[in-house]
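Structure, as structure tokens:
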Amino acid sequence: MYTCAHLLDSSDEVPDYHFGPDKAAFWLMNGAAKGEFKRVVIFQHAVSTAAFQLQHHIQDPRKISESFAESLDSVTLAGLEGVLRAYENMLPTHPAIRSAALEAALAARDKGTLAQFVAALPPMPRR
């Protein structure tokens with residue numbers, strides 16, 4: 001039988017993960033995504049970035065050392081890739097969600113320059 005004390009002791013062994021907004025989330029919310037699609041996009045972005053962080057054991061992307069291969073932009077890139085897949089799948093049945101900004105991101109992805117596209121996004125506002 002487990003006691004409350006046992007559960008509290010065990011909780012220290014589970015790493016804390018920090019998931020939060022990044023510059024792509026702000027870019028999406030500030031005009032890249034339209035109307036009700038914003039909620040879908042932000043959800044997809046959050047799930048995609050969280051999955052990437054968990055797969056790569058990145059507990060807090062804001063605290064990645066310079067020598068670590070994964071950067072905050074790699075987490076942002078993973079989130080945007082997930083958004084673009086969702087956008088492509090929804091576009092045929094929801095043409096009103098078409099967005100010039102997301103079309104530009106799709107074009108960058110198709111050219112193999114999505115990482116540069118992400119790097120050029122405006123910085124996230126200070127908290």
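Descriptive notes on the structure:
- Inspection of segment 25-38 identifies no residue that is open to solvent by less than 30 Å² (accessible area, probe 1.4 Å), among the charged types (D, E, K, R) and in contact (Cβ under 8 Å) with a residue 60 or more places away in the chain.
- Residue check for ALA104: at pLDDT 95 or above, among the hydrophobic types (A, V, I, L, M, F, W, C) and over 19 Å from ALA46 (Cα atoms): yes
- Of the residues making up segment 109-127, those that are at pLDDT 95 or above, open to solvent by less than 90 Å² (accessible area, probe 1.4 Å) and more than 22 Å from VAL47 (Cα to Cα) are GLY112, THR113.
- Hits in segment 70-127 (condition: under 18 Å from PHE19 (Cβ atoms), free of Cβ contacts under 8 Å to residues at least 60 places away in the same chain and part of a loop (DSSP other than H, G, I, E, B)): GLU70, SER71, ARG127
Yes/no matrix, rows are residues, columns are (1) small (Gly, Ala, Ser); (2) modelled with pLDDT of 90 or more:
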{"site": "GLY20", "(1), (2)": "yes, no"}
{"site": "GLY31", "(1), (2)": "yes, no"}
{"site": "GLN44", "(1), (2)": "no, yes"}
{"site": "VAL47", "(1), (2)": "no, yes"}
{"site": "GLN55", "(1), (2)": "no, no"}
{"site": "SER71", "(1), (2)": "yes, no"}
{"site": "GLY82", "(1), (2)": "yes, yes"}
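- Conditions (1) under 24 Å from PRO125 (Cβ atoms); (2) at pLDDT below 70: number failed by SER67: (1)
- One residue from ALA96, ALA101, ALA51 being small (Gly, Ala, Ser) and either in contact with a Leu (Cβ under 9 Å, 6 or more places away or on another chain) or surrounded by 18 or more Cβ atoms within 10 Å (Cβ to Cβ) (or both): ALA101
The values are calculated or read from the model by the stated rules, or taken from the named source; none is laboratory data. These numbers were taken from a predicted model, which means no experiment stands behind them. Here Cβ is always computed from backbone atoms with ideal geometry, including for glycine, and neighbour counts include all displayed protein chains. Accessible surface areas use protein heavy atoms only, side chains included; no ligands, DNA or RNA. Shrake-Rupley method; radii C 1.70, N 1.55, O 1.52, S 1.80 Å.
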